[in-house]
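Enquirer: Pasting in a structure now, in structure tokens, and then I'll have a few things to ask.
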Amino acid sequence: MIIKILGTGCKNCQTLEKNVKEALQLTNQSAEIVKVTNIMDIQKYGILRTPGLVIDEKVVLSGRVPKSKEITHLFK
């Protein structure tokens, strides 16, 4: 699984990364986490607000920071 965090590095982007890592631990899964910080690359995903979360090239959410528990449901 490849998880991409879309955002310029703001506080919300950092919190999303932390929550993704916690969700991976909760589900005993491993994944490659990639931070996409270039605005042009972020725009290619069609999101209007950051942070964005992409799992295996599918945008699963944007514009908010979900809790770790919610993220675990997105892995399925």
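Any read-out appearing in this document is the output of simple, stated calculations on the displayed coordinates, not a laboratory observation. Remember, it's a predicted structure, so these values are computed and weren't measured experimentally. Methodologically, a virtual Cβ is constructed for each residue, glycine included, from the backbone with ideal geometry; neighbour enumeration extends over all protein chains shown.
Enquirer: Taking the criterion of being within 12 Å of Lys4 (Cα to Cα), surrounded by 15 or more Cβ atoms within 10 Å (Cβ to Cβ) and of a type in the set (A, V, I, L, M), would at least one residue in segment 62-76 satisfy it?
Expert: no
Enquirer: Under 7 Å between Cβ atoms, at least 6 apart or on separate chains: pull out the pairs that start in segment 55-76 with a residue that is within 10 Å of Thr27 (Cβ to Cβ) and end on any residue that is hydroxyl-bearing (Ser, Thr, Tyr) and outside any helix (DSSP H, G or I).
Expert: Cβ pairs passing all conditions: Thr72/Thr27; Phe75/Thr27.
Enquirer: Sticking with this structure for a sec: Determine whether segment 3-16 contains at least one residue that is surrounded by fewer than 17 Cβ atoms within 10 Å (Cβ to Cβ), touching a helix residue (DSSP H, G or I) at 6+ places or on another chain (Cβ under 8 Å), in contact (Cβ under 8 Å) with a residue 24 or more places away in the chain and of a type outside the set (A, V, I, L, M).
Expert: The answer is yes; a qualifying residue exists.
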